Amino acid sequence: MKSAMTSQRSRLFTSTLLAIPFLVAMLFGTLAVAQYQEAPMLAEMVAAGTLPPVAERLPSNPWVLERDHPAWAAGGGTEIGRYGGTIDMAINWFSPNMLNWYGPARGFEGVDEMIGRNMLARQEPVGGGIEPGLIASWEYSEDGTKLTIHTREGARWSDGDPFDVNDIIYTYIWINQNEVLGNDRPWRIEGEVVEITKIDDTTAELTANGQTMLGFIKTFITWFVMPEHLTGPVTPGYTEGATEEDFDGAGDFGNSATIGPFLPVQGDEAQVVYERNPYYWKVDAEGNQLPYVDRVVIHQFPDTEVIGLNIVSGLLDFASRRVPSDLAVLMSNRERGDYDVVFALNDRVPRIAFNMNNPDDVLREMFRNKLFRQAIQYSIPQERIGEIIWPGLWEANLPSIHPKSPFFDEAAAAAVDFYNFNPERAAALFDEAGYTLGDDGRRKMSDGRNVGFVLDLDGQREPAWVRMLEVWQTELDALGVDLTINSVTSVIMSERRDANQNEATWSFWTNAPFDPVMFQPQEYAPVPFDPGLRSATLRGGIPTAEEIRGYVDAGVRYPPGWWPAEYEAAGDLLAQAGSLEITAIDEKMEIYRQFQEVYLDAAVFFTLPTGPLPTAIGTDVGNRPAFGDIPVTMIPLDAYVEYLFFTEPQ
Amino acid sequence: MTEFILRRIMLMIPTVILIAFLVYFVSQLPPGDMLSSYYAELAARGETVSYDALENLRERYGLDQPFFVQFWKWAKNIVLKGDFGQSFNLGRPVSEIIWNRLAWSLSLSLFALVISLLGIVIGIYSATHQYSIGDYVATFFGFLGLSIPNFFLALFLMFIMVFYFGATSVGGLFSPEYRLAPWSLAKFVDLLKHVWIPLVVMGTAGTAGNIRIMRANMLDILGRDFMRTARGKGLKERVVIYKHALRNALQPIVMSLGLALPFMIQGELITAMVIGVPTLGPLFLEAILTQDVHMVAGVLLLIGILLVISNLLADLALVWLDPRIRY
């Protein structure tokens, strides 16, 4: 620890920003709580001799939930909770890995948050920093080409087996890159594979053949580590004779382990019960081992109306709605169901993009016309759409850098004025682009066909989305443009996209404020859904100009001119910013400002307004985080369930 | 008779083979496969997975092989091992999931069927007391039962339970605390408290339909000449109705029973979706949406087999009911 601190000081010298995670780590490392308390249900097991005492179960330096944790700062800090109770939540889809989370679909669902994801490190909900988890501290070498991680000493899996870097290396090599299991996902930086080298049981070094590792710690936030002691014996290749069937069969109830606060212990497709992890490595400010609640039960109700009824009936303690279509019902029955309604941050922004490479020459020419796209942007009645779905709560979304980001440039955003519905401006732009009105009141393309496009979306997922588009449809119609709403299943949507048959596609973009220090362009710069872009969107990133050139060189995916020039210009700016030193904040600011101008002007894609997610939470649930700042998904599992408690005995 | 039954059973074998081929063919028809739907799902959630990983999975599940090879593998495992394949979506053997759900589907459907037989009695009463108050009441409820959509009735009943009876949870067949508990008297009582909603919903439409069919048939039969003959030769009214009229009027209903079993398994789908009952219906729908081929084909095959069996049973019942039928 001593030598690590010395090297940390030298980092502090070069970059104060970089040091934030280390400061946090130091704080947690030195704060020693002499006495630990545990839940009564665990104390009974200790008394019966079936579980070691709490001090032996916790790591030597447990993670401490500070009174002034930023996620609770708005509400006056965290409280010391009381043990016991069951939190009931609901979902309306079924996740296979709720039953078998080592299976083929492992690691992709919201449920993971409770059992593994966010556990090695976590994005701070407010402020954009990274909070240490089971990776208790980390440091980068002077030249940034090496990342050294230190796991929490004495940490254990929920079955008592030690957790250390062996689990991390095992997962990286034998799960992520196991071709028998259908995985081929080594981490890459600029094409170079990341190598992990074990130094000792709690220390490992990560390098990528000389590439910069700065910011790479972020990878561990969403990464899912597997228990080597349990799955190792059934991992093909790792253990002689183990087959994929052996592996798929592992991880059932009673045979799984977690590093998260809860472990699935029982369940079927309709209900899964999670119980506290007796070895969970977090304590509160007074040394009480977390989590506070004994159990979390996730109910599956296929019909969202039934979820609503069960909020009112009082069954559910914590439930979020995707759109507030039943806000009035929720609000007027708060007393009956003993719940409060809070509004959680909604960071999923609907975006619509044209297929710039549609095989129809005339259509393609139209989609690639910047003036046409700008006209489309002005034709969206943001306010009317917002008021229909989110009365009084909606916000317009700018298809650019998030307004909460330090790189957001208000002047650049205001100059484009895209927030405002402006049919006159739209009509003028259509005219200027050459799509003038015909005698029948419809705008005409160069070959005489009516101006219009088919918009694909997965409307069965949420009928409200179709209603939003219908409002826009009437405005476009008045402008002489035909919008055809094509509500299909997600499969047909992606098939149409792959076959390059789509004209415009609806998707979602996670519009989160990004971290100024560890900025990675793909974190926020959204990509329109072009079929050829599929592999880029699969990675969740915008292809840099360099990547595009690489594809063009390879001669397959991106023929010259695949992108309109203004897209390329934006991509170039991002690549330029990405190549800068991490500390060159001022230069980056300038590039991002330019990027915003170019990107917004290019009208790369269109966003619809959104509002917060009404979330019902039991009146007796304490330690609620600042929901307005924290994105809460359909099941609010990543909303800090391990810190919630019941203020009344259950 | 024995020969007839044997012959029918022998005929069932090629029928089922043909059904198996057709269902596998049909379940492969939609564009894409379960992995493309899996990918679409991930993309919709903003998750990432590499193209190579998808291709590897495709290979692993044999999705890259020609249709006949896939079908042969699937059919061979069913015949030789009773193995319907692995559900991609649930990561478990299809047969394990289906049997569990089939038990619920069949028992709920059978109970609903029994409830709907009440419609026959009401239909007889309605016909024999034509244009009486009772007839009007029965006809009114018959039309009501036929015209209220199942999903609406289910939501309405649950709404009543929450808002007027203060239920602490609705949906499903058990209260949350009993759902995963082992069977006990208390759990059974809890089941009774919940199961009436799906039974009422599923039974209502059938009952109403039976009232209408039975009433029309009876009225038709009651006007026939042989009825007058029966009455004319001095038979008691009870015998006239139950021995002569009823036996003739029942025929269409018995014939429709052949479709009842598979129909009810599909028919409960919407009800089960809304209420959240762990039957085959919702499983089937989910499997179709996610293109879980083995699951879709497994459920379809099962429904096909049920159709064949219940047709046989209905034919036997008809033979017993109507001696004029030759076999």
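Quick note: the coordinates plus some simple rules give every number you see, no bench work behind them. Source: prediction; values computed, not measured. Every residue, glycine among them, receives a Cβ derived from its backbone with ideal geometry; neighbour counts consider all protein chains shown.
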Q) With θ set to phi - 60° and the Karplus curve 6.51 cos²θ - 1.76 cosθ + 1.60, what are the ³J(HN,Hα) couplings of the range B:74-85 in order, to the nearest whole Hz, using x for Gly and Pro? A) 5, 5, 4, 5, 5, 5, 7, 10, x, 9, 8, x
(Q) Give me, ordered by chain and number, the residues 5 or more places off A:Gln37 or on other chains with an amide H under 5 Å from its own placed amide H. (A) A:Asn288, A:Gln289
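Please figure out what share of the DSSP beta bridges in the range A:213-337 is antiparallel and state it in percent, rounded to the nearest 5. Walk me through the numbers on the way to the answer.
Numbers: 11 of 12 bridges.
Rounded to the nearest five, the antiparallel share is 90 percent.
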Q: Return the long-range amide H neighbours of A:Ile189 (sequence gap of 5 or more, or a different chain), with a cut-off of under 5 Å between placed amide H atoms.
A: A:Val194
Q: Please compute P(r) over all alpha-carbon pairs of the range B:145-192, binned at 5 Å starting from zero, and give each bin as a whole-number percent.
A: 5, 19, 21, 19, 17, 12, 5, 2
Q) Where a ≥ b ≥ c are the square roots of the eigenvalues of the C-alpha gyration tensor, would you call the range A:119-170 rounded, which needs a/c under 1.5, or, failing that, prolate if a/b is larger than b/c, or oblate? A) oblate
Q: Give me the Debye-computed log₁₀ of I(q)/I(0) at q = 0.12, 0.16, 0.23, 0.27 Å⁻¹ for the range B:113-191, equal point scatterers on Cα only, no solvent, two decimals.
A: -0.58, -0.82, -1.03, -1.16
Q) How large is the charge dipole for chain B, taken about the Cα centre, if only the Cβ atoms of Lys, Arg (+1) and Asp, Glu (-1) carry charge, to the nearest 20 debye? A) 1640 debye
Q | With Cα atoms, 0 to 90° folded angle of helix B:280-289 axis to chain B main axis | A | 40 degrees
Q) Taking θ as phi - 60°, what are the ³J(HN,Hα) couplings along the range A:78-86 by the Karplus curve (6.51, -1.76, 1.60), each to the nearest whole Hz, with x for Gly and Pro? A) 7, 10, 7, x, 10, 7, x, x, 10
Q) How would you rank A:Phe606, B:Phe263, going from fewest to most other Cβ atoms within 10 Å of each one's own Cβ? A) B:Phe263, A:Phe606
(Q) On a straight-distance basis, which lysines could pair with B:Lys73 in a cross-link, Cα separation under 28 angstrom, same-chain partners fewer than 8 positions away excluded? (A) B:Lys81
Q.
From the P(r) of the range B:242-327, could you give the percentage of C-alpha pairs in the tail past 22 Å?
A. 42 percent
Q) What are the residues whose amide H is under 5 Å from the amide H of A:Asp88, where those residues sit 5 or more places off or on another chain and H is modelled from the backbone? A) A:Val297, A:Asp317, A:Phe318
Q: Take the Cβ-Cβ distance between B:Met1 and B:Met255 as r, set R0 to 30 Å, and report the resulting FRET efficiency rounded to the nearest 0.05.
A: 0.95
Q: Just report the Cα centroid separation between the range A:45-59 and the range A:258-278, whole Å.
A: 20 Å
Q) If each Cα of chain B is one equal point scatterer, what is log10 of I(q)/I(0) from the Debye formula at q = 0.07, 0.14 Å⁻¹? A) -0.40, -1.20
**Q.** Estimated 222 nm signal from helices in chain B, with DSSP H stretches of n ≥ 4 weighted -39500 (n - 2.57), rounded to 500
**A.** -25000 deg cm²/dmol
Q: List, largest first, the extents of the alpha carbons of the range A:350-486 along their principal axes, each in whole Å.
A: 45, 36, 28
Q.
Treating the range A:329-408 as a set of equal point scatterers at the Cα positions, no solvent, please give the Debye-formula log₁₀ I(q)/I(0) at q = 0.13, 0.22, 0.27 Å⁻¹.
A. -0.66, -1.14, -1.27
**Q.** 3J(HN,Hα) from dihedral phi, the range A:275-287, Karplus parametrisation 6.51/-1.76/1.60, rounded to Hz, x for glycine, proline
**A.** 10, 4, 8, x, 9, 4, 9, 10, 10, 8, 5, 9, x
Q) Normalized C-alpha radius of gyration of the range A:215-356, against 2.2 N^0.38 Å? A) 1.42
Q: Using Cα pairs closer than 8 Å and at least 6 residues apart in sequence, work out the relative contact order for chain B, in percent.
A: 27 percent
**Q.** Stokes-Einstein translational diffusion, the range B:139-296 - Kirkwood Rh over all Cα pairs, 1.306 mPa s, 10 °C, in µm²/s
**A.** 84 µm²/s
